[in-house]
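Let me begin by presenting the structure, written as structure tokens, before commenting on it.
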Amino acid sequence: MKAIVVGAGIAGLVTARQLGLAGWEVDLVEKSDGPRRDGYMMDFFGPGVEASERIGLYPRLARVAYRVDGVEYLDARERVRARLDYDRFARLAGGKVLSLLRPDLERAALGALEDVPHGRVRLHYGNRVTGVSMQDDGVRVAVDGPAARLPAADVVVGADGIHSEVRARVFGPETDYLRPLGMRAAAFIVREAELNARFRNRFVLTDSLDRTAGLYGLRTDKVAAFLVYRDPPAGAGRDTSAPRDRLRNEFSGLHPAVDRLLDLCPADPYDDVVAQIVLPHWWKGRAVLVGDACGAVSLLAGQGGSLAIAGAALLGDTLGRVTSADGIAPALTEFEQAWQPVGAQAQASGRRAASSFLPANRTQRLLRRWVIRATALPGIDRLVARQVLRSIAK
Ligand SMILES: Cc1cc2nc3c(=O)[nH]c(=O)nc-3n(C[C@H](O)[C@H](O)[C@H](O)COP(=O)(O)OP(=O)(O)OC[C@H]3O[C@@H](n4cnc5c(N)ncnc54)[C@H](O)[C@@H]3O)c2cc1C
């Protein structure tokens, strides 16, 4: 059996690996020229932990994980206004929580392709998929790049993220499925020894109104930056300048450390809408979606990487058992029925978190501080605490 997997992000890499291990031939097509280097710290807990243990990926993730003791909210004079203890968060999340830098997570999934017998997964960086055409006996993709003459496959997997081209071609325009949560998030990594030393292994967020900047000092002399800001509807005061200019407009003057990061910000940082993808069915004919392409939960749910791995492992293993075209539809139905409710639950938690993530006034900010302090009290209701932690622990 043959598959074309579109997108070599976390979901695409894991799907391709599991299909390859099951004996499928896979062409994995990625538009960027190599592994993506951008992204911030991601909490990794829940379904992804279980799935990565089952498929043997967990040790690779544990090797690159960071130790985060807590999240500190700092005011402009660098006083800690609230602190969230991670050990407590880990206990509430059921024990295992890793803090992973997104590019490290992607590279770990890429490294795990070496478990697949040589030649079974062919990775084509620098190739953008621009179309999908389904025939009764197979599926083809149109590719802009050196892999333009890719042969037909039995199944195409759209693992191409929140702005999925496969979804647009097979299910319809993005506007039908994308639910914006009223914010944008940007992330980039810069070399800055002084800030690195000051914030090494500290996960800090500004205790600010309407926008939040986060920074983390990495193992090297680098600093990871994370910026979340409001995204008004088009025409209602939205800043349409280029991403770096927009970030400077939004965040200049918030904090001296943030100003320094903005000075070093690359011209084209990761900067995207914070949104969810909701669509009733995840497969049609010989095309199936996985990861953010069909079930983006948004960074506010704190589980994007975890769900991407767990969903992709399930899809790869379920589809991997198929040995003839007749088995494709039942396998994709099984995947959809098993996984859709899990994604829907995480999306509901992300939507609840959206309302409190960026306080709009001092009262809301005070409430957030109070809630963070309250979670440290013994005896606070476990479910309430878990919900609150999800909403603020990014
Ligand atoms: C650069 C980057 C930085 C991110 N930073 C953060 C972060 O800091 N915090 C956070 O919570 N989440 C972040 N995310 C989102 C997070 O990675 C996902 O929510 C999660 O990992 C699910 O991954 P995915 O594989 O489904 O999608 P993605 O990680 O979005 O991967 C999709 C892949 O498909 C490729 N692709 C897209 N269109 C095409 C096409 N037409 N042809 C070929 N390839 C295509 C993309 O280049 C990308 O590599 C980031 C995503 C990216 C791409």
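The values are calculated or read from the model by the stated rules, or taken from the named source; none is laboratory data. Quick caveat: nothing in here was measured; it's all calculated off a predicted structure. All Cβ positions, glycine included, derive from the backbone under ideal geometry; neighbour counts span all protein chains shown.
What to note about this one:
- Options 123, 195: the member that is touching a residue at least 24 places away in the same chain (Cβ under 8 Å) and part of a helix (DSSP H, G or I): 195
- On inspection, residue 359 fails the criterion of being farther than 30 Å from residue 80 by Cα and either assigned to a helix (DSSP H, G or I) or in contact (Cβ under 8 Å) with a residue 24 or more places away in the chain (or both).
- Cross-chain or 6+ apart pairs with Cβ under 7 Å, the range 95-113 first and more than 16 Å from residue 41 (Cα to Cα), then basic (Lys, Arg) and part of a helix (DSSP H, G or I): 111/60; 112/17; 112/60; 113/17
- In the range 207-236, the residues that are over 22 Å from the mean Cα position of the chain (by Cα) and buried (at least 18 other Cβ atoms within 10 Å of the Cβ): 207, 208
- For the range 3-36, a residue qualifies if it is within 6 Å of the ligand (Cβ to nearest atom) and among the charged types (D, E, K, R), and the qualifying residues are 30, 31, 36.
- All of 132, 141, 97 fail the test of being under 21 Å from the mean Cα position of the chain (by Cα) and buried (at least 21 other Cβ atoms within 10 Å of the Cβ), apart from 97.
- Test result for residue 65, within 16 Å of the ligand (Cβ to nearest atom) and surrounded by fewer than 24 Cβ atoms within 10 Å (Cβ to Cβ): yes
- Residues in the range 146-161 that are touching a residue at least 24 places away in the same chain (Cβ under 8 Å) and within 14 Å of the ligand (Cβ to nearest atom) were compared, and the one that is surrounded by the fewest Cβ atoms within 10 Å (Cβ to Cβ) is 150.
- Flag for residue 14 being under 27 Å from residue 185 (Cα atoms), without any contact (Cβ under 8 Å) to a residue 60 or more places away in the chain and buried (at least 16 other Cβ atoms within 10 Å of the Cβ): no
- Restricting the range 126-138 to residues that are touching a residue at least 12 places away in the same chain (Cβ under 8 Å) and more than 15 Å from the ligand (Cβ to nearest atom) leaves a set whose member that is nearest to residue 27 (Cα to Cα) is 138.
- When residue 147 is tested against (1) modelled with pLDDT under 95; (2) within 30 Å of residue 262 (Cα to Cα), only condition (2) is not met.
- Meets criteria (more than 11 Å from the ligand (Cβ to nearest atom), in contact with a Lys or Arg (Cβ under 8 Å, 6 or more places away or on another chain) and touching a residue at least 60 places away in the same chain (Cβ under 8 Å)) for residue 84: no
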